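Single-structure report; data block below.
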Amino acid sequence: MTSYDVINPATAERVETVHLVGIDETDAAIGRAHAAFAGWRAVAPGDRARLLRRFADAVDADLENLARLEVANAGHTIGNARWEAGNVRDVLTYYSAAPERLFGRQIPVPDGVNLTFAEPLGVVGVIVPWNFPMPIASWGFAPALAAGNTVVLKPAELTPLTALRLAELARESGIPAEVFQVLPGKGSVVGQRFVTHPLVRKVVFTGSTEVGKQIMAGCADQVKRLTLELGGNNANIIFADADLEKAAATAPYAVFDNAGQDCCARSRILVQRKVYDKFLGLFEKAVQGVVVGDPGSESTEMGPLISAAHRDHVVSYVDDADVAFRGGAPEGPGFWYPPTVLAPIDPDHRAVTDEVFGPVVAVLPFDDEADAVRLANDTEYGLSGSIWTRDVGRALRVSRAVDAGNLSVNSHSSVRYWTPFGGFKQSGFGRELGPDALASFTETKNVFLST
Ligand code: TAP
C-alpha cells in the first residue's frame, strides 16, 4: 500500500495523508461497479430520485465542512468554496428530477408501434482536474447516476479530499458503495485504466488539451463514449459604447478568480482603441483593489496557486513580457503570485496565444467589430468569453461570430447548472450540465413492435 501527502498550497504544509490507488485496486473497483450496474439501473425511478435528493441534502448539511476542506486542499477562498459545495448540491438536486423524466418517444410508423428508450451505458469513468475539484466531479457523477449508470471517479492527485468526502456522503445517503466509488491515484495509472478497461463504457475527462488528446486516441480503440472539457483562452471584448466603469471593475474577477486557474478565465482583454487608455486607468485601480491572502478569511478574493511547479509554469509566461502593473500577494510560505497585467503586448506572445492558467492577463487594442472578432477567434481554443456593449444588435452579432461554447453579454458568468457548458475547437466536445449532459449518459434504443 502506498500513500502520499496532500499539501495546503497557502502554507506548503501537509493537510492529510491519502492512500494512493493502484492498478489492481482500479480493476477491482471497475469490476464492482460493473457488477452493481444491473441493480442500480433497475432501482425504481422514484427511489433513484429520492436517493439523489438525499445525497443533495447531505451535501447541504455538510456544506461548511466541504468548503473548509477545499480551502485547505486547493487554496480556494472560503467564499468560492462555499459556492462550489452549493453547486454540487444544486447539480444533484437538478438531476434528481431526471430518473422520473427519462422519456422515450413513440414515433408513427406503418405496420406497428415504434418506441425509443434512453438506456444507461454501464460504468462511467470520471477524471477530474485540480482547479475545481467539487463542481467538476458533480457535473460528471450526478447526471451519470441519475441516468442509471455506475461511476468510478478519479480526482486529481493534488486535490482528492472533497471527492473522498462526497463518496462518504453518498454512502450515508443510501447510495450503494459500488455505485459511486472515488479512486485517488495517478492520472497515468487510474485515469489511463478508465480509458483502456473494456468495462468502462464512457469517459468524462476535464483537464488539459494535451492529455485530452491522448485520452481521445485511447478511447478510439474501443469506440468508447467520451466527453472532453479541455483548456480555454477566453476573450473579454470591451467596445467603446460599453459601461466602461462596470467592465473595468468586474474584469479582474473574470480572470483572477481562483488565481486564474479557471478554464473560463478571461485572460485576453480586448479593448476598442479609442477607450483603451481610459480602460487601463480604471482597470489598474480595480486590480490593485483585489484582496490576495489567507483563503480562509472572509474578505479574501484571491488565494495561492496550486503548487510550486505550477507557479514556475505561470512565471515562465511573464519573464520576457512587459508588465503594465500588478496587484499584491503575500511572500510565502505557500505558492503565491500577484495579479499581473501585461500591456502593451504582441498578439503572438505566448502569454496571449497559450492558456496561462494563472493570475496573468494580456490587454490588447482593437479597431472595429470585425477586428475584435478576428482577435477573439485567433486561438485554437473556444470555451467562453464576454462581450461588453450597450448595442443589443452588436452583442448578438458578435456572440454569433465568436467561436466559443459559452458567451455572456455585460457579464462574466459561464456556469449555470441549467444550461449546457462546453467548448468549440480544441476546448473539447460534448456538453456538461443542463439537459444536454443527461442525454450524453444514455444511448437511444429503438424498438419496433409489429402489429
Ligand atoms: P491534466 O494534467 O490534464 O489533468 C487532469 C486530470 O487528468 C487529472 O485528474 C490527472 O491526474 C488526469 N490525467 C493526467 N494524465 C492522464 C492520463 N494519461 N490518462 C488519464 N488521466 C490523466 O490537467 P490539470 O493540470 O489537472 O488541469 C489544468 C487543465 O485543465 C487546464 O488546461 C484547464 O484549462 C483544464 N480545465 C478545463 C476545464 C473545462 S471545463 N474545459 C475545467 C477545468 C480545467 P493527476 O493530476 O492525478 O495526474
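Points to keep in mind about this one:
- Considering residues of region 278-305 that are of a type in the set (A, V, I, L, M) and in a loop (DSSP other than H, G, I, E, B) only, the residue surrounded by the fewest Cβ atoms within 10 Å (Cβ to Cβ): 291
- The set of residues in region 411-429 that are surrounded by fewer than 20 Cβ atoms within 10 Å (Cβ to Cβ), more than 10 Å from the ligand (Cβ to nearest atom) and in a loop (DSSP other than H, G, I, E, B) comprises 411, 413, 416, 418, 419, 420, 424.
- Cross-chain or 6+ apart pairs with Cβ under 6 Å, region 429-451 first and farther than 17 Å from residue 116 by Cα, then in a strand (DSSP E or B): 429/228; 430/227; 432/421; 433/421
- Count of residues meeting criterion [over 14 Å from residue 283 (Cα atoms) and either touching a residue at least 40 places away in the same chain (Cβ under 8 Å) or small (Gly, Ala, Ser) (or both)] in region 333-364: 15
Residues checked against (1) acidic (Asp, Glu); (2) over 30 Å from residue 386 (Cα atoms); (3) surrounded by fewer than 19 Cβ atoms within 10 Å (Cβ to Cβ):
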{"site": "176", "(1), (2), (3)": "no, yes, yes"}
{"site": "181", "(1), (2), (3)": "no, yes, no"}
{"site": "196", "(1), (2), (3)": "no, yes, yes"}
{"site": "213", "(1), (2), (3)": "no, no, yes"}
{"site": "222", "(1), (2), (3)": "no, yes, yes"}
{"site": "226", "(1), (2), (3)": "no, no, no"}
{"site": "231", "(1), (2), (3)": "no, no, no"}
{"site": "260", "(1), (2), (3)": "no, no, no"}
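- Every residue from region 237-250 that is surrounded by 24 or more Cβ atoms within 10 Å (Cβ to Cβ) and without any contact (Cβ under 8 Å) to a residue 40 or more places away in the chain: 248
- Filtered residues of region 33-76 (kept if touching a strand residue (DSSP E or B) at 6+ places or on another chain (Cβ under 7 Å) and either more than 25 Å from residue 292 (Cβ to Cβ) or of a type in the set (Val, Ile, Thr) (or both)): 33, 34, 36, 37, 40, 41
- Count of residues meeting criterion [assigned to a loop (DSSP other than H, G, I, E, B), in contact with a Pro (Cβ under 8 Å, 6 or more places away or on another chain) and more than 12 Å from the ligand (Cβ to nearest atom)] in region 134-181: 3
- With respect to the conditions (1) in contact with a helix residue (DSSP H, G or I) (Cβ under 7 Å, 6 or more places away or on another chain); (2) buried (at least 23 other Cβ atoms within 10 Å of the Cβ); (3) of a type in the set (Val, Ile, Thr), residue 93 falls short on a single one, namely (2).
- Subset of region 147-173 (residues that are in contact with a Lys or Arg (Cβ under 7 Å, 6 or more places away or on another chain) and buried (at least 23 other Cβ atoms within 10 Å of the Cβ)): 148
- Those helices (runs of 4 or more DSSP H) of region 1-106 in which at least 3 residues are acidic (Asp, Glu), considering only elements entirely within it, cover 23-42, 45-61.
- Boolean, residue 10 is surrounded by fewer than 18 Cβ atoms within 10 Å (Cβ to Cβ) and modelled with pLDDT of 95 or more: no
- Tallying residues that are assigned to a strand (DSSP E or B) and within 16 Å of the ligand (Cβ to nearest atom) within region 109-133 yields 5.
- Pick from region 409-428, criterion modelled with pLDDT of 95 or more and out of contact with any helix residue (DSSP H, G or I) (no Cβ under 9 Å at 6 or more places or on another chain), ranking: farthest from residue 370 (Cα to Cα): 423
- Pair list, Cβ < 6 Å and 6+ apart or interchain, from region 53-70 residues that are surrounded by fewer than 19 Cβ atoms within 10 Å (Cβ to Cβ) and among the acidic types (Asp, Glu) to residues that are modelled with pLDDT under 95 and in a helix (DSSP H, G or I): none
Residue by residue, here is whether (1) part of a strand (DSSP E or B); (2) aliphatic (A, V, I, L, M); (3) buried (at least 17 other Cβ atoms within 10 Å of the Cβ) holds:
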{"residue": "338", "(1), (2), (3)": "no, no, yes"}
{"residue": "347", "(1), (2), (3)": "no, no, no"}
{"residue": "352", "(1), (2), (3)": "no, yes, yes"}
{"residue": "363", "(1), (2), (3)": "yes, yes, yes"}
{"residue": "372", "(1), (2), (3)": "no, yes, yes"}
{"residue": "382", "(1), (2), (3)": "no, no, yes"}
{"residue": "385", "(1), (2), (3)": "yes, no, yes"}
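The values are calculated or read from the model by the stated rules, or taken from the named source; none is laboratory data. Keep in mind that what you see is a predicted model, and the values were worked out from it rather than measured. Please note: Cβ atoms are built from the backbone with ideal geometry, for glycine as well, and neighbour counts cover all protein chains shown.
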